[in-house]
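Here is the structure we will look at.
The values are calculated or read from the model by the stated rules, or taken from the named source; none is laboratory data. Since the model is a prediction, treat every value here as computed from it, not as a measurement. Every residue, glycine among them, receives a Cβ derived from its backbone with ideal geometry; neighbour counts consider all protein chains shown. The protein model used for the area step is the full one, side chains on, heavy atoms only, and it has no ligands, DNA or RNA in it. Shrake-Rupley method; radii C 1.70, N 1.55, O 1.52, S 1.80 Å.
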Amino acid sequence: DRDFVFLMAAYDIDPGTYVPKVAEMTNFNMWTWNSRVFPGIDHIVAGKGDKVRIRFGNLTMTNHPIHMHGYDFKVSCTDGGWVPEGAAWPEVTIDCAVGQMRAFDFVADKSGDWAIHCHKSHHTMNAMGHDVRNFIGVDKKEFAKKVRKLVPDYMPMGTAGMADMGEMEMPLPDNTLPMMTGFAQFGAVEMGGMFSVVKVREGLASGDYKDPGWFKHPEGTVAFEWKGEPKRAEREPPAAFDKSRTAEFNVVKPGKKSPHGNH
């Protein structure tokens, strides 16, 4: 019912520049589908019950394990041709090596917003530097106050890991994308690069590919923070110890003191 296709490409574009390094072979920082990065990549929109095919080709210099949340799918095509339906195998991730094409099919029978992306974490980010020190877990609030006296726009990075990047919206050089971006109903999506969302909705017309917005979860299906009094955890009583039905033994670590050597 719906057939989608994208080609994967990669570029090395320094922040603040407009021309990629066309002779670069290995060190890329922009990972794209159809020359776009998230959130500029169109969502994959399907009606509930539609049979959907997604096919993709790899023009980059590395492989890409393409993964989709919420569903398993049938691998329906390789470079050797279409796979007979009886021989198609189930997957949730399918690797696409350099120069290859792949396709998979699934029935969109679960409404919702389902992530689809390359499973290499740095391929779901935009241009990034690799020389940032590891500050995960370090409280830099007081330090940042002192630095801002000298550099008013200073923003520390990395205190809570990569999640910081999606919400800071720090100033960037011209023609430079944030490393992680995009917002949904629960806050920052914290993604970039090779990432999109499969949006399955009930009642879509066959030719309707417009973005339906973010999924409205049924009442009572979304986790929330408990604001009331904390409750005591209810635990099962420990198992009763019956000596008459229990055998005790000593375990000897294999080694020089064991008469059995390493057996």
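Worth a mention:
- Pair list, Cβ < 9 Å and 6+ apart or interchain, from the stretch 1-20 residues that are farther than 25 Å from PRO65 by Cα and among the aromatic types (Phe, Trp, Tyr) to residues that are modelled with pLDDT under 90 and not in a strand (DSSP E or B): TYR18/ASP174; TYR18/ASN175
- Of all the criteria given as (1) out of contact with any strand residue (DSSP E or B) (no Cβ under 7 Å at 6 or more places or on another chain); (2) over 24 Å from SER121 (Cβ atoms), the one not satisfied by ASP14 is (2).
- Residue, surrounded by the most Cβ atoms within 10 Å (Cβ to Cβ), within the stretch 217-255, restricted to residues that are closer than 30 Å to VAL200 by Cβ and not hydroxyl-bearing (Ser, Thr, Tyr): HIS217
- Counted residues, the stretch 81-128 - those being β-branched (Val, Ile, Thr), open to solvent by less than 80 Å² (accessible area, probe 1.4 Å) and over 23 Å from ASP211 (Cβ atoms): 4
- Test: residue in the stretch 71-87 that is among the basic types (Lys, Arg), more than 21 Å from ALA9 (Cα to Cα) and touching a Gly at 6+ places or on another chain (Cβ under 9 Å): no
- The residue pairs whose first member lies in the stretch 184-207 and is in contact (Cβ under 8 Å) with a residue 24 or more places away in the chain and closer than 16 Å to VAL45 by Cα, whose second member is open to solvent by 30 Å² or more (accessible area, probe 1.4 Å) and of a type in the set (Asp, Glu), and whose beta carbons are closer than 6 Å, counting only pairs six or more residues apart or on different chains, are VAL197/ASP113; LYS199/ASP113.
- Failed condition for ALA240, given (1) of a type in the set (A, V, I, L, M); (2) outside any strand (DSSP E or B); (3) modelled with pLDDT of 85 or more: (3)
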